[in-house]
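Take a look at the structure below.
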Amino acid sequence: MASENDLVAYDNVPGNYYDKYNTKNPVARYLMQGFLSAFDELTASIDVKRSYEVGCGEGHLSMRLHDRGWDVRGSDLEAISVAEANTQCAQRNVEPKFEAVSLFDLKPQFAAEQLVICCEVLEHVPDTERALAVLKSLASPYLLVSVPREPIWRILNVARGKYISELGNTPGHIQHWSSAEFVSMLSTTMKVVAVRRPLPWTMVLCRCN
């Protein structure tokens, strides 16, 4: 389990919570379909069937893989989100797959997997280099990561009248990358296999060994 020091390593700001997977907004649904299509395409392109999701939230991505026959596990900083993810397991009559653990407390002997997934997490984490080192140590061999694509993310927020005083920055987002910047950062320590840019995200599949 995570230590007290690691659990406060970064803030998961409540104002950032938005159930994008079950939204009724037609524009948001359209954007999410693009995100999920990219996720499905990249995960189908590799010959593995076991995953560990870091920052699993309510478990939607992992359960999407589970429903395709994958063996999934995962963790999140927030116990409430983990409980919701495990409720999805119960609804499918499978044992709980998720636990409350800080990203910075994950160890290869417990969390290493064929595919490690970390979507919509890194923008919240202050120490990107440390976070990527942890993810790379777990990925055996694949890592799938996604982040908001800047400045498009903030432009779209302003266009819908959100977070105007913050120039469109979503609460809790402390890291900001364009697609080129994010891919370049990843390529310094791992092999970039494929890149997808579903508006307004950057999603990258990497091979770490």
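The values are calculated or read from the model by the stated rules, or taken from the named source; none is laboratory data. Every value quoted in this text rests on a predicted model; they were computed, and no experiment measured them. In this analysis, Cβ positions are derived from the backbone assuming ideal geometry, glycine residues included, and neighbour counts consider all displayed protein chains. Surface accessibility is based on the protein's heavy atoms, side chains included, excluding ligands, DNA and RNA. Shrake-Rupley method; radii C 1.70, N 1.55, O 1.52, S 1.80 Å.
Conditions tested, residue by residue: (1) in a strand (DSSP E or B); (2) modelled with pLDDT under 95; (3) within 23 Å of residue 193 (Cβ to Cβ).
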| residue | (1), (2), (3) |
| --- | --- |
| 86 | no, no, no |
| 93 | no, no, no |
| 99 | yes, no, no |
| 109 | no, no, no |
| 123 | no, no, yes |
| 129 | no, no, yes |
| 135 | no, no, yes |
| 143 | yes, no, yes |
| 155 | no, no, no |
Exercise for the section: Inspect the range 123-135 for any residue being under 16 Å from the mean Cα position of the chain (by Cα) and of a type in the set (Gly, Ala, Ser) and give the result as yes or no. Expected result: yes
Practice task
For residues that are of a type outside the set (Val, Ile, Thr), open to solvent by 70 Å² or more (accessible area, probe 1.4 Å) and not in a strand (DSSP E or B), scanning just the range 164-198, find the one that is farthest from residue 120 (Cα to Cα).
Solution key: 165
Handout entry: Odd one out for residue 73, checked against (1) assigned to a strand (DSSP E or B); (2) surrounded by fewer than 17 Cβ atoms within 10 Å (Cβ to Cβ); (3) of a type outside the set (A, V, I, L, M, F, W, C)
Key = (2)
Practice task
State whether the residues of the range 37-47 include one that is loosely packed, with under 13 Cβ neighbours inside 10 Å and of a type in the set (A, V, I, L, M).
Solution key: yes
Practice task
Being out of contact with any Asp or Glu (no Cβ under 8 Å at 6 or more places or on another chain) and either small (Gly, Ala, Ser) or open to solvent by 90 Å² or more (accessible area, probe 1.4 Å) (or both) is the filter here, so list the residues in the range 143-161 that pass it.
Solution key: 155, 159, 160, 161
Exercise for the section: Please list, ordered by first then second residue, the pairs with beta carbon atoms under 6 Å, 6 or more apart or interchain, first in the range 54-67 and hydroxyl-bearing (Ser, Thr, Tyr), second outside any loop (DSSP other than H, G, I, E, B). Expected result: 62/53; 62/72; 62/74
Practice task
Go through (1) under 14 Å from residue 203 (Cα atoms); (2) touching a helix residue (DSSP H, G or I) at 6+ places or on another chain (Cβ under 6 Å) and name the single condition residue 171 misses.
Solution key: (1)
Practice task
Looking only at the range 113-132, decide whether some residue is surrounded by fewer than 18 Cβ atoms within 10 Å (Cβ to Cβ) and more than 22 Å from residue 188 (Cβ to Cβ).
Solution key: yes
